Structures are given as structure tokens and as C-alpha cells.
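The values are calculated or read from the model by the stated rules, or taken from the named source; none is laboratory data. Bear in mind that the values here come from a model prediction, so they are computed numbers and not experimental data. Glycine also receives a Cβ, built like all others from the backbone with ideal geometry; neighbour counts cover every protein chain displayed. Keep in mind that these areas ignore ligands, DNA and RNA; they rest on the heavy atoms of the full protein, side chains included. Shrake-Rupley method; radii C 1.70, N 1.55, O 1.52, S 1.80 Å.
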Amino acid sequence: MTAFPDVPPGVDPTRPSPVRVHDYFLGGTHNYPVDREAAERLKATVPDIVDAMLANRGFHGRAARWIARQGVRQFIDIGAGLPTRNNTHEAVRRVLPEARVVYVDHDPMVAAYSGPLLAADGTTTLVTADWRDPGAVLGDPGLRRLIDLADGLELVPPYTGADGVMTYAGLWGAEDIEAADTEGSRGIYCGVARRP
Ligand SMILES: C[S@@+](CC[C@H](N)C(=O)[O-])C[C@H]1O[C@@H](n2cnc3c(N)ncnc32)[C@H](O)[C@@H]1O
């Protein structure tokens with residue numbers, strides 16, 4: 001018997017993974033000692049990191065609800081992470097109960113824990129793919145079942161929209177931070193667009 005009897009296929013419990021470290025910071029249980037150690041080392045260097053992660057989740061939920069209030073019914077959440085509180089489908093359904101949400105993540109831990117949970121709900125799904133391969137993301141049969149894409153639409157990371165696309169805010173950095181923000185108070189931006 002190994003020290004990690006329940007490790008899902010493809011998951012290496014001996015090396016920290018960003019998604020499991022993130023899960024630990026948010027109070028989740030889908031992480032291993034190596035992730036917790038890495039997280040604590042990170043926290044020693046960046047003491048505000050947990051506040052920042054929680055603020056990011058709050059922003060995520062508010063942004064999702066705002067988009068839903070504009071009438072957007074289809075969401076692709078790219079870089080979804082592990083299930084947590086107020087996941088995108090839960091946030092948007094407070095506004096639009098019929099909203100459809102497709103999560104995209106390449107991490108096998110997400111596939112193990114988020115996939116079955118979402119599969120039970122006919123209006124959400126998980127696509128296990130790398131966002132650097134837009135063909136794999138947009139060509140996924142599960143995504144196609146839920147999301148109505150116009151012919152010729154391209155997904156160009158970090159963002160090009162279907163009806164509504166939610167992307168990992170951490171991808172949105174200013175191209176020229178000094179020009180964008182001389183106080184250095186904003187390092188991350190987020191953009192949302194809607195196909196006309
Ligand atoms: C820090 S988590 C963000 C989770 C959630 N979106 C949030 O904001 O709270 C970033 C996620 O992006 C995923 N990710 C990183 N690179 C990726 C890639 N190339 N393709 C798909 N997912 C990726 C990671 O597996 C991780 O789950």
C-alpha cells in the first residue's frame with residue numbers, strides 16, 4: 001500500500017501542483033502534504049496571498065453574475081480549478097437558472113473531482129484540455145452539446161468570446177505595467193467581451 005492510496009490517475013502526489021496549492025489556500029481538501037508545504041512557503045513570502053485568493057474568488061462570482069445579468073446564457077470557464085464554493089455555474093444560476101457552463105482545465109486532479117460532479121448536472125460539463133490547444137477545447141463533444149458556437153469562431157488565449165467566456169483572471173496582465181499603473185497597485189486585469 002502506498003502513502004497515497006486514493007491518488008487519481010495522472011496525478012503526482014510527490015510534486016506540488018498549482019491547482020492543489022490553490023485548493024489548499026481556499027480551504028479545500030483535494031491537496032497533499034507536498035502542496036500544503038509549498039503553500040506555506042509561498043505564504044511566508046507573500047503573507048497576503050490567502051486574502052488575494054479569496055478576493056479573486058469574490059471578483060469571479062461578482063463578474064459571473066454581472067455577465068449573466070446582461071443576458072449571457074453560455075459560459076466557458078477556462079482554467080476552472082477544483083470545485084469550491086460559489087463555482088461559476090452556481091454564481092450565474094442565481095441570475096439565470098437556465099445558464100450553461102463548460103469548465104476547462106488540464107489538471108488530472110480536476111478531471112477526477114470536478115468531472116463526475118458536473119456530469120451529474122446535464123447543463124454543465126468539464127473539458128479536460130490544454131487552453132493552448134483551442135481546437136481541442138472548442139471541438140470537445142461535451143462543450144458542443146452545451147455551447148452554441150458560431151462557425152469560424154476562434155478561441156485565442158487568454159480570451160476570445162463565445163456567447164460568454166469566463167477566463168482565468170490571472171492571465172490578464174498589463175502589457176506595460178508602468179504605463180498602465182504607475183502606483184503598482186494593479187497587476188492583474190480582466191476582460192469580458194460579447195460577440196455581437
Ligand atoms: C489558480 S487556478 C484558478 C482557479 C479558478 N479559475 C479561480 O480563479 O479561482 C488556475 C487553473 O488553471 C489551470 N491551468 C493552468 N494552465 C492550464 C492550461 N494550459 N490549460 C488548461 N488549464 C490550465 C490549472 O490547472 C488551475 O486549475
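Note on the stretch 14-63: residues that are over 27 Å from Glu90 (Cα atoms), of a type in the set (Ser, Thr, Tyr) and in a helix (DSSP H, G or I) total 1. Beta carbons closer than 8 Å, at least 6 apart along the sequence or on distinct chains, pair a first residue in the stretch 20-43 that is closer than 17 Å to Asn86 by Cβ with a second that is among the β-branched types (Val, Ile, Thr) for Asp23/Thr29; Asp23/Thr84; Phe25/Ile49; Phe25/Val50; Leu26/Thr84; Gly28/Thr84. Taking the criterion of being among the polar types (S, T, N, Q) and touching a Leu at 6+ places or on another chain (Cβ under 9 Å), would at least one residue in the stretch 39-53 satisfy it? No: the stretch 39-53 contains no residue that is among the polar types (S, T, N, Q) and touching a Leu at 6+ places or on another chain (Cβ under 9 Å).
In summary, Ile78 fulfils each of the numbered conditions (1) closer than 24 Å to Pro13 by Cα; (2) out of contact with any Ser or Thr (no Cβ under 8 Å at 6 or more places or on another chain) with the single exception of condition (2). If you go through the stretch 64-100 and pick out every residue that is away from the ligand (no atom under 13 Å from the Cβ), in a strand (DSSP E or B) and open to solvent by less than 30 Å² (accessible area, probe 1.4 Å), you end up with 1. Restricting Val110, Val104 to residues that are open to solvent by less than 60 Å² (accessible area, probe 1.4 Å) and assigned to a strand (DSSP E or B) narrows the list to Val104.
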